[in-house]
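The next block holds one structure in the form of C-alpha cells; read it before the comments.
Bear in mind that the values in this text are calculations on the coordinates, not laboratory data. Model, not experiment: these values are computed from the prediction. Backbone-built Cβ (ideal geometry, glycine too); neighbour counts: all protein chains shown.
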Amino acid sequence: VISSDNELINQLREYIEDYDYNFIGSADTKEKIKDKIARLSPNLVLLDSEIENIDLIKLAKDLEKYDIPDIVIVGERFDDMVDKVLMITPYGYLFKEIDKEELQRAMAVAIRKHELNNQKIVEAKTKIDEKNTELLIEKSDSSFLLVLCVALIIMAILSRNATWLQWVLL
C-alpha cells in the first residue's frame, strides 16, 4: 500500500489479511516505495491518489518499471483525479470508503489481468522468435542459391565451356 493515510493503511491491511493475502507493508516516500518494491517484489500495489508530496503520474511511471499491477484508490477529490487516473492506466481503481468485497474483486481482477498480459507478451515474443527463425532459414537458402549461381557462372567463364544449366543461369 502506498499511502500516507494510516487509517486507510490499517483498513486495507485488515481486509487483505482477511482474504489470506499477505500484506507486506506500506510506504509514503519515493525512497521507501522503491526500496520495499525492490526487496519484497509484491504481486500488487494499492496506490492512494491523495498521497502527500508525491506526483501520482511520476510514481505510476516509476512503478511500471517493476511490472507490478496497481490499483488506484481515489477519494473525495475524484473530479480532480480523473485525468491523472486515466493517464496512468491502472489495473483498477476503488473509491475511499472501501468495501471489503469490492477490494477483493478488484485485487483478483488486477492480478489475473496482469497474468494474462504477461502471457500475451510471452506468446508475442515466441511468435517473433519463430518468424525470425523462418526469415533466417529463407535468407540462408537464398544465399546458398546465390553462391551456387555465382560459382557456376564463374566456372563457365573460366573454362569457356558452359553446360545448359550454366547457360540458363547466364
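Some points to look at:
- Using the Cβ of L40 as centre and a radius below 12 Å, the other residues enclosed give a net charge of +3, where K and R count +1 and D and E count -1.
- The structure shown yields semi-axes √(5λ) of the Cα gyration tensor in Å, and of the options (i) 62, 16, 14; (ii) 30, 19, 15; (iii) 34, 30, 11 that calculated value carries the label (i).
- Separation of the D55 and V147 label points, Cα + 7 Å toward Cβ, nm: 5.5 nm
- Taking Lys and Arg as +1 and Asp and Glu as -1, the other residues whose beta-carbon sits under 11 Å from that of I88 total -2.
- Helix 6-18 axis, angle to the chain major axis (alpha carbon atoms, nearest 10°): 70 degrees
- The residues packed around E52, meaning those with a beta-carbon under 10 Å from its beta-carbon, carry a net charge of -4 if Lys and Arg are +1 and Asp and Glu are -1.
- For the pair V109 and E7, the difference between a 0.36 nm per residue extended length and the Cα-Cα distance amounts to 34.3 nm.
- Within straight-line reach of K127, meaning a Cα separation under 17 Å, sit the following aspartates and glutamates at least 8 residues removed in sequence or on another chain: E138.
- FRET efficiency, 1/(1 + (r/R0)^6) with R0 25 Å, evaluated for E101 and E31 via beta carbons: 0.15
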